[in-house]
Each structure stands twice: as C-alpha cells, then as structure tokens.
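I have placed the structure first, in the form of structure tokens, so that the comments after it can refer back to it.
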Amino acid sequence: MTLFSTLDPTAPLSPDRDLFIDGAFVPAASSETFATVDPATGATLAQVARGGEPDVDRAVAAARRAFASGAWSRRSPAARKAVLLKLADLIDANVEELALLESLDGGKLAKDTLQWDIPGTAAILRWYAEAADKVYGEVAPVDPAHLAVVTREALGVVGAVVPWNYPLEMAMWKIAPALATGNSMVLKPAEQTPLSALAFARLTAEAGLPDGVFNVVTGYGAEAGQALGLHMDVDALAFTGSTRVAKLFMSYSAQSNLKQVWPECGGKSANLVFPDVADLDAVADAAAAGIFACSGQVCSANSRLLVHRDVHDALVERISDRARALRIGSPLDPATDMGPLVSAEQRESVLAFVERGAAQARLVVGGSVPADLPTEGAYVAPTILDGVATDSELFHEEVFGPVLAVTTFDTEEEAIALANSTRYGLAASVFTDSFARANRVSGALTAGTVTINGVDALDVSVPFGGFKQSGFGRDLSLHAMDKYTGLKTRWFSG
Ligand code: NAP
Ligand code: MG
C-alpha cells in the first residue's frame, strides 16, 4: 500500500539540483556538487550544487537588489499577503512532492510529512501572510508641538541557516515572518536535507514573488553557512541548530558587520512525573511519543524522564512496553512507527552515546541497531537507560536520537533543581493531577515552553524558543515579526 496517490514514491528523482538565485536555478560557481542520501537505504538521491562564498555573494547581491528596488519591501502589506497566500496554496497543491522529498531525504515518516509537516508549513505561511497587514505602528506621547511616529521597518537581507529534522517547516518558521515584513532572504538548508527547499524555491517563482527576494544556497555549513554568517551585507541571521554552531554565528557577526543573530538551539528537556498522577498509561503514551517521535530528533524532545520513586517502576515498565511495540522500518510504509535517523553518522553518534551511557546506567531496552532491517539504513532501536546519574553525559548532553535517560527523585524541590540543572532551557513537561503543583512547578522551571500533562505543545500562535544555551531567538507568534524588523522613529516638528 502506498500513501501517495499522485506520484510513484519509488521513481528516481531527477538527478541534479542547482542553487536558486535571483529567480533562476544556477549551478555553483565552482560547478561542484555533493550527494544527498536516503538514510533508509544509503542510496544517493541526487547531486546537489555545493554552494560556496561566491554563490553566497551572488545570492546576497540579488537579495539586496530586490530589497532596494522596493518590488517587495515597499509593496503594500495587503499585496504581500496575496502573494504569500498563493504560495501557501501552492505548498498544499504540491504536498505529495514536498512530503516525499522530506521523507526520502531525511528519513521522516511519510504519513507524518503528508499529514503534518507540509500542511503545517503551509499553515504557518498562511498565518503570517494574514498578519502582514494587521500590524500597526505607534504614535509616541511626546510634547504636542511634535509628532513622533514609530514604525517597524524591514531589516533588509535576512540569512537563514536551518537543520535537517523538520527541513521545510524549520525554514518556514524564518521565511514566513521575514517575507511578511518585507525582507529579502537567502536560505541555507542542512546538507543532509536540501531537496525540499529547492522544490519550494520553484513555487516562490510560481506564486509571483519577485526575483531575488528569496534565494537558496545549498552546501556545507563550513562553506555556504559560514559565508552567510560572515557576509558584510546580511542584516540578520536566523539560525536553528546546535549550540556549538550558534556560538560560531555569534562570532561571525562580531567578526563582520554586527548583524543580528537569532539562535534557536537544542535542549535536554525534562519530563517531571509526580506520584499524584492517576493515569500512568497516559503518561507513558506521552513520554514515549515525546522521545521516540521523529526518531528522537526533535530539539524539544523529552529526553530526560525525572520520575518520583513511588511511580518509577510502574512507569518505566509501561514506557519500555511501548518502546518494544514500536514498528521500525521504511519511512514510506504506512505501518511504520519509527523510521531511521537522518544519516549513518547520526546513527553512529547516537550509538556511541548509548555505549558510554550504558557503562554507567542500566540499559532497559534498545541500545542497538534493529536486527531485521537493512544495515545500510540509519536505524537505531528505541532505547531507555535507567538510573542515569545527574553528573553524567547522558543527563546533560543532547543525543538527538531515540534515547530516554531516566532519573529518580524524592521531592518536588529536588525534581525542579534536577530539571533546571542543565545548560539548556528549551522545554519541559510536568505530569501531576494537582493544579497547585502544576502551577508551582511550571513557574519554577527555566524553559521556554512548559507543557502540563502532555508533551511538546506547539502552535504557530505561541512563541517557541528557550532560555540559557537553548538560545534566545523566539520563533512563531506575532513576536517573531519583531525579529525581522527594526524600530524607526520619525519626528515631525511644527
Ligand atoms: P547543526 O550542526 O548546528 O547545523 C545546523 C545548520 O548549521 C546546518 O545548516 C549546518 O550546515 C550549519 N552549519 C554547520 N556548521 C557550520 C559552520 N561552521 N558555519 C556555519 N554554518 C554551519 O545542527 P543539526 O545537526 O543540523 O541539527 C540538530 C540541532 O538543531 C540540534 O541541536 C537541535 O536541538 C537543534 N534544533 C533546534 C530547534 C529549535 O527550534 N530550537 C529545532 C530543530 C533543531 P550542514 O548541514 O552543512 O552541517
Ligand atoms: Mg539526505
């Protein structure tokens, strides 16, 4: 059975993919390419242009020209809205192509990309398109002899560098508010998953976005990504990825033109389970989803389970049952619950974390490559380690795979202190049947999003982002539109 009705998911892709600059597909200046791979099979899907500094220069110059021309930046917000709504419709109209590219390139479940990732991407764009003509400026309460008008101005050229776990959706978290506010953009997708960004670029031209307003430079982080970060004519850099690379972007800014950098980084999100919860099965369902969805490659994944001693055994048993029941396999198979990781390198990195962790903790389930799957596939079994010490690597470091670290607590104070004791602060969950405790504990957690009796709540209407080294670049909600604009005051004197 196939999930696709309009295309054959096994048909080979067209082999070459160029950069998208100034409204046209062009090869890299060096003519070099790199292979993008299907992590379920290890097969090469396509050769993609390996963009470098000269290509970033070309793309930024095109974006700057487009911005200066006013063709987009000075168009009325209502007119921008119309183009972006058309673009959102085109995403929906091409949902199968985009979903298949996401699934092939990143190993993501096709049932998810078809139902959630791509429709969700269109919905985000639509939301910001609708917001474009609903944001007002201010008149400041100055001396009546003057008039001070405060407006939010587009910044100019925005660079976006994004990861591979939700390739188009993460990009859209940047693209939608940046374009809605009138900026031009250069996007650098992750090297593992460049294909959906290029297919989307084609749709921007179809929707009538003026040439140069949106550009895609595929390539490696240390080449195209760095060139964008160091560019003297990029006004802001929106980044989602690891804390390590976020720090590089902060230094690129310091070394170049003091561009604004908006880092959205990883996490080690805690799931706090208190003994007053009546329905442990519901907690187990949520906890398993929180760490095994998208093979654990979610920045806000609930990768630490902090559980009260009284419910520890019962809960760990229930989550382990769910881990064992997951069907692991091809992302294109509708019966699959968990697909591969994004790459063989990521599989090796995750397995190494597990091996080091298992030397200090009890491996309850998983920890290996599932036996019955192709060895070229980047598969890792859902894994649970219990008794994880609070000073261990597994307690503190982001694994970015289907690996749950379980630690026991005795008091509420201890639970809060443990939850807050990593350098991250992206998300957390609290499971309790006491409203007073939910309020107390959620208030004490240092996390950008705290979900009560659930995991990973998310909506375009609420801000997403973290504290501490999870970064400070809130995405989503109307607040994100502030990131892509600068305050400007005009004084009128009589
Ligand atoms: P990553 O290694 O930090 O890469 C992210 C992006 O930065 C990629 O496009 C990458 O290019 C580029 N890059 C790498 N090295 C660079 C360099 N030296 N200079 C400039 N750019 C460079 O992260 P990832 O492994 O793709 O993604 C996983 C991370 O993203 C996790 O930490 C996860 O928590 C985080 N994440 C956060 C959120 C959030 O909203 N907070 C959402 C999703 C993921 P290449 O592809 O060529 O390496
Ligand atoms: Mg790939």
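The values are calculated or read from the model by the stated rules, or taken from the named source; none is laboratory data. What you see is a predicted model; the values in this text were computed from it and never measured. So basically every Cβ, Gly included, is an ideal-geometry build from the backbone, and we count neighbours across all protein chains shown. Accessible surface areas use protein heavy atoms only, side chains included; no ligands, DNA or RNA. Shrake-Rupley method; radii C 1.70, N 1.55, O 1.52, S 1.80 Å.
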Is at least one residue of the stretch 458-470 out of contact with any Gly (no Cβ under 8 Å at 6 or more places or on another chain), of a type in the set (Gly, Ala, Ser) and either assigned to a loop (DSSP other than H, G, I, E, B) or at pLDDT below 95 (or both)?
-> yes
Residue match in the stretch 74-85 (condition: in contact with a Ser or Thr (Cβ under 8 Å, 6 or more places away or on another chain), modelled with pLDDT of 95 or more and either assigned by TED's automatic domain parsing to the domain that holds residue 107 or of a type in the set (Val, Ile, Thr) (or both)) | no
Being open to solvent by less than 10 Å² (accessible area, probe 1.4 Å) and within 11 Å of ligand 1 (Cβ to nearest atom) is the filter here, so list the residues in the stretch 279-300 that pass it.
-> 296, 297, 300
Out of curiosity, is residue 324 open to solvent by 50 Å² or more (accessible area, probe 1.4 Å) and over 27 Å from residue 178 (Cβ atoms)?
-> yes
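Just give me the residues in the stretch 253-312 being among the aliphatic types (A, V, I, L, M) and assigned to a loop (DSSP other than H, G, I, E, B), in sequence order.
Once the filter is applied, which keeps residues that are among the aliphatic types (A, V, I, L, M) and assigned to a loop (DSSP other than H, G, I, E, B), the stretch 253-312 yields 258, 277, 278, 298, 301.
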Inside the stretch 125-241, counting only strands (runs of 3 or more DSSP E) that do not spill past its ends, which hold 3 or more residues that are open to solvent by less than 10 Å² (accessible area, probe 1.4 Å) and either in contact with a helix residue (DSSP H, G or I) (Cβ under 6 Å, 6 or more places away or on another chain) or in the same structural domain as residue 96 (by TED's automatic domain parsing) (or both)?
-> 157-161, 184-188, 214-216, 236-240
Residue identified as open to solvent by 10 Å² or more (accessible area, probe 1.4 Å) and not in a helix (DSSP H, G or I) among 351, 332 = 332
Assess whether residue 313 counts as being touching a helix residue (DSSP H, G or I) at 6+ places or on another chain (Cβ under 8 Å), of a type outside the set (A, V, I, L, M) and either at positive phi or modelled with pLDDT of 95 or more (or both).
-> no
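For the stretch 259-278, check the following and say yes or no: at least one residue is without any contact (Cβ under 8 Å) to a residue 12 or more places away in the chain and either more than 13 Å from ligand 1 (Cβ to nearest atom) or under 22 Å from the mean Cα position of the chain (by Cα) (or both).
First pass over the stretch 259-278, keeping only residues without any contact (Cβ under 8 Å) to a residue 12 or more places away in the chain: none.
The answer is no, given that none of the residues of the stretch 259-278 is without any contact (Cβ under 8 Å) to a residue 12 or more places away in the chain and either more than 13 Å from ligand 1 (Cβ to nearest atom) or under 22 Å from the mean Cα position of the chain (by Cα) (or both).
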Go through the stretch 151-171 and give me each residue that's away from ligand 2 (no atom under 16 Å from the Cβ) and hydroxyl-bearing (Ser, Thr, Tyr).
-> 151
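Those residues that are assigned to a loop (DSSP other than H, G, I, E, B), touching a Gly at 6+ places or on another chain (Cβ under 9 Å) and open to solvent by less than 30 Å² (accessible area, probe 1.4 Å), I need them from the stretch 471-494; list them, please.
If the condition is that a residue be assigned to a loop (DSSP other than H, G, I, E, B), touching a Gly at 6+ places or on another chain (Cβ under 9 Å) and open to solvent by less than 30 Å² (accessible area, probe 1.4 Å), then 473, 476, 484 are the ones that fit.
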Report whether or not residue 305 is away from ligand 1 (no atom under 16 Å from the Cβ), in the same structural domain as residue 412 (by TED's automatic domain parsing) and surrounded by fewer than 23 Cβ atoms within 10 Å (Cβ to Cβ).
-> no
Going through (1) surrounded by fewer than 16 Cβ atoms within 10 Å (Cβ to Cβ); (2) closer than 19 Å to residue 323 by Cβ; (3) among the aliphatic types (A, V, I, L, M) one by one, residue 359 fails only at (2)
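Yes or no: residue 248 of a type outside the set (Val, Ile, Thr), within 7 Å of ligand 1 (Cβ to nearest atom) and open to solvent by 50 Å² or more (accessible area, probe 1.4 Å)?
Against the criterion (of a type outside the set (Val, Ile, Thr), within 7 Å of ligand 1 (Cβ to nearest atom) and open to solvent by 50 Å² or more (accessible area, probe 1.4 Å)), residue 248 qualifies.
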